[in-house]
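A.B. asks: Take a look at this one; I'll ask things after.
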Amino acid sequence: MNNSTKKSFNNVYGFKIVEENGKNKIQSPKMDLPDCVKERIKFFGKYSEDGLSFSGCIDLIMAEDEEKAKKEFEIGAYEDYLSASEEFKQWRDEIALRNLHQMEIAVALIYGTGDDSDE
């Protein structure tokens, strides 16, 4: 298993049980994601508070069909669409990791990325 695959698996399955105040608690993984990915998660994730569905967030973040995503985003958005950078597209389109990257985004949307920039 190469480093990219290990990193992705840890991002999805790296939950830990830690003791806190005498009780076991589940600790979500500290996500090791490129900044361009975190930027998209933070940008589109905030729209879930305004009614954007979970799958809608994932679709906008992944930007498989960017023109369609942009049109759908502009229907209810209060700011300009964040276009996918080339760096993000390269990450998204990594061979054999594409579906795993989608799972990483799902975990980050639910639990945050585990860094201080999460709200």
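A.B. asks: So for each of 55-66, 22-33 I average, over its residues, the number of other beta carbons within 10 Å; can you give me the resulting order with the highest mean first?
C.D. replies: Ranked from most to least packed, the peptides come out as 55-66, 22-33.
A.B. asks: A further question on this structure: Determine the sum of side-chain charges near Y78: Lys and Arg each +1, Asp and Glu each -1, restricted to other residues whose C-beta is under 13 angstrom from that of Y78.
C.D. replies: Net local charge, Y78 excluded: -4.
A.B. asks: Which of rounded, prolate, oblate describes the chain, given a ≥ b ≥ c as roots of the alpha-carbon gyration tensor eigenvalues and a/c under 1.5 marking rounded, otherwise prolate only if a/b is larger than b/c? Let's see the in-between values first.
C.D. replies: Details: a/c = 2.51, a/b = 1.42, b/c = 1.77.
In terms of gyration-tensor shape, oblate.
Throughout, read-outs are computed from the coordinates displayed, never taken from laboratory work. As the structure is a prediction and not an experimental result, all values here were calculated from the model. Backbone-built Cβ (ideal geometry, glycine too); neighbour counts: all protein chains shown.
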